[in-house]
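A quick write-up on the structure given underneath.
The values are calculated or read from the model by the stated rules, or taken from the named source; none is laboratory data. Since the model is a prediction, treat every value here as computed from it, not as a measurement. So basically every Cβ, Gly included, is an ideal-geometry build from the backbone, and we count neighbours across all protein chains shown.
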Amino acid sequence: MIWSQILATLFLWMVHFEDLVAAISCGKMRKIPENNHGVEPMVLVDHEEVIELKTKRVIPVLSPEWSFQVKFNISANHTTTDDYCSIVHVAHNSQLYGKRTPALFYQRVNKELLVDSAVNGNNKYRNRYGIMLNTEYNVEIRQRYKSGGVYKYSIFLNGDEVHSTDNTQAQQFYDVTVYISNPWVFPCIGVVSELKMTNFL
């Protein structure tokens, strides 16, 4: 009797497990929605646009708490003598802290994506990731409040968190411009899409 109950229980577990696997493979499992406090992202680029200098938005006040997302595809190495080219750039009108909040570049020699931002007093806090040409990448950068004046700065590449650190010197910036490419560095050869920024004011 006991063995029959055990076998029946195991059978039910197997059925539920198979249903769970099927639901995941069909994409039916719901992800827990991210808590954005009801703030909708600014959609700055929807469909693909060629990477060339464009001003997409001027944000009067950028909160210390924000998120930034973009898809990009670099199709060829740039032909200028510069090692770097620009993908997207968020900056306030200063060469000081906050001139990159954030900014994305491609370095052709090492074939790396460079992600810069203003973190812990460093106006060019940089992380590097090897990437390939003719490949689409989805980058999300977040700065979210933790507690005691500390913010978590994190980078996601194709949905995976590849870096995070505490930012103890997060600031509010004024007259922040969102560029495709930027006015200071040659644009990369490629396209961007789904450029979004959420400003938690």
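Quick test for you: out of Glu161, Glu194, pick the one residue that is surrounded by 13 or more Cβ atoms within 10 Å (Cβ to Cβ), not aliphatic (A, V, I, L, M) and not in a loop (DSSP other than H, G, I, E, B). Spell out how you get there, then give the answer.
On the way: Glu161 fails: surrounded by 13 or more Cβ atoms within 10 Å (Cβ to Cβ).
One residue alone meets the criteria, Glu194.
From the list Tyr153, Tyr145, Tyr174, Tyr137, exactly one residue is among the hydroxyl-bearing types (Ser, Thr, Tyr) and closer than 22 Å to Val191 by Cα. Which is it?
Numbers: Tyr153 fails: closer than 22 Å to Val191 by Cα; Tyr145 fails: closer than 22 Å to Val191 by Cα; Tyr174 fails: closer than 22 Å to Val191 by Cα.
Residue meeting the stated conditions: Tyr137.
Which residue pairs have Cβ atoms closer than 7 Å, lie 6 or more positions apart in sequence or on different chains, and pair a first residue in the range 102-116 that is among the polar types (S, T, N, Q) with a second residue that is outside any loop (DSSP other than H, G, I, E, B)?
Within 7 Å, the pairs are Gln107/Tyr84; Gln107/Leu114.
I'd like the full set of residues that are surrounded by fewer than 16 Cβ atoms within 10 Å (Cβ to Cβ) and more than 18 Å from Pro183 (Cα to Cα), limited to the range 92-126.
Once the filter is applied, which keeps residues that are surrounded by fewer than 16 Cβ atoms within 10 Å (Cβ to Cβ) and more than 18 Å from Pro183 (Cα to Cα), the range 92-126 yields Val109, Asn110, Lys111, Asn120, Gly121, Asn122, Arg126.
Return yes when Val70 is in a strand (DSSP E or B), out of contact with any helix residue (DSSP H, G or I) (no Cβ under 6 Å at 6 or more places or on another chain) and exposed (fewer than 15 other Cβ atoms within 10 Å of the Cβ) and no when it is not.
On the way: in a strand (DSSP E or B): yes; out of contact with any helix residue (DSSP H, G or I) (no Cβ under 6 Å at 6 or more places or on another chain): yes; exposed (fewer than 15 other Cβ atoms within 10 Å of the Cβ): no.
Taking the combined requirement at face value, the residue does not satisfy it.
Can you name every residue in the range 75-99 that is of a type in the set (Asp, Glu) and in contact with a Phe, Trp or Tyr (Cβ under 8 Å, 6 or more places away or on another chain)? First the steps, then the outcome.
The first filter runs over the range 75-99 and keeps only residues of a type in the set (Asp, Glu), leaving 82-83.
Once the filter is applied, which keeps residues that are of a type in the set (Asp, Glu) and in contact with a Phe, Trp or Tyr (Cβ under 8 Å, 6 or more places away or on another chain), the range 75-99 yields only Asp82.
Limited to the range 127-156, what total is found for residues that are exposed (fewer than 13 other Cβ atoms within 10 Å of the Cβ) and not in a strand (DSSP E or B)?
Going through the range 127-156 one residue at a time, the tally reaches 5.
Could you list all residues from the range 83-115 that are assigned to a loop (DSSP other than H, G, I, E, B) and under 21 Å from Asn134 (Cβ atoms)?
Narrowing the range 83-115 to residues assigned to a loop (DSSP other than H, G, I, E, B): 83, 93-102, 108-111.
Scanning the range 83-115 gives Asp83, Arg108, Val109, Asn110, Lys111.
Just for the range 61-113: of the residues that are over 21 Å from His47 (Cα atoms) and among the hydrophobic types (A, V, I, L, M, F, W, C), which one is modelled with the lowest pLDDT?
Step by step, filter the range 61-113, then rank; the result is Leu96.
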